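Take a look at the structure set out below.
Bear in mind that the values in this text are calculations on the coordinates, not laboratory data. All figures in this text were calculated on a predicted structure; none of them were measured in a lab. Please note: Cβ atoms are built from the backbone with ideal geometry, for glycine as well, and neighbour counts cover all protein chains shown.
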Amino acid sequence: MLQKIPAGLGRALQNMRHGPDELASGVPAFENVPEVIGLTSPAFATDGGMPARFTDDGEGISPPLEWVGVPPEAEALVLMIEDMDSPTPKPLVHAILADLPPRDGGLPEGALPGSDHVHENETLGMGRNSFLRRAYLPPDPPRGHGPHRYAFQLFALDSVPEFRAVPGRRALLEALEGHVIARGLLIGTYERR
């Protein structure tokens, strides 16, 4: 969708970026939560370029993720993927997964349902992305906007969050407040020229 924005407009919006302070993991409620979960991907290095296959320019599938260091007292794990460089009012949410087992583990490549093939039984535990879909929204930065940083954020909680409806960003952040005991962060980049 954003690939249709002209490169000139992308260049004009280059200074419109949120940065790490606007991410879910950057909100003041989480600033004293230790970042002790090691979150990595076998597909790209920390702060490295994401292969196009995981973006809207490729297959649009979710990348593989691995994590270690989940505290034994954790009752739940939540994953949120955000674009901290999106020229939008808040960081663009690419996925929310709210029902991960509270232990070391990971997700294989393509584990998150994509927008093109969402089936209700595949969306269990998925929250709503910024396009209000219960799916992985592949990176799709505007041409000419420069590199975008995609934050894969993992939160370990001391209780299982309860939601009245499928959560979006705001509902998730409200549910996390006061319950995050550890967190992990992986940044991948992608640029459309």
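What FRET efficiency comes out for Asp158 versus Val68 if R0 is 22 angstrom and r is the Cβ-Cβ distance? Round to the nearest 0.05.
For Asp158 and Val68, the calculated efficiency is 0.70.
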| request: Have a look at Ala111, Asn129, Phe44 and report the one farthest towards the positive end of the charge dipole of region 2-190, computed about the Cα centre with Cβ charges (Lys/Arg +1, Asp/Glu -1). | output: Asn129
| said: How much length would be gained if the chain were fully extended between Glu75 and Val36, taking 0.36 nm per residue of separation minus their Cα-Cα distance, in nm to one decimal? | reply: 12.4 nm
| region 2-190: Rg/Rh from Cα coordinates, Kirkwood Rh? | 0.95
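Under 14 Å from the Cβ of Leu172, count the other residues' Cβ atoms, weight Lys and Arg +1, Asp and Glu -1, and hand me the total. Please report the intermediate quantities before stating the final value.
Numbers: positive: Lys90, Arg128, Arg134, Arg164, Arg169, Arg170, Arg183; negative: Glu82, Asp99, Glu162, Glu174, Glu177.
Local net charge: +2.
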| query | How far apart, in nm, are the 7 Å Cα→Cβ label points at Glu22 and Glu177? | reply | 2.0 nm
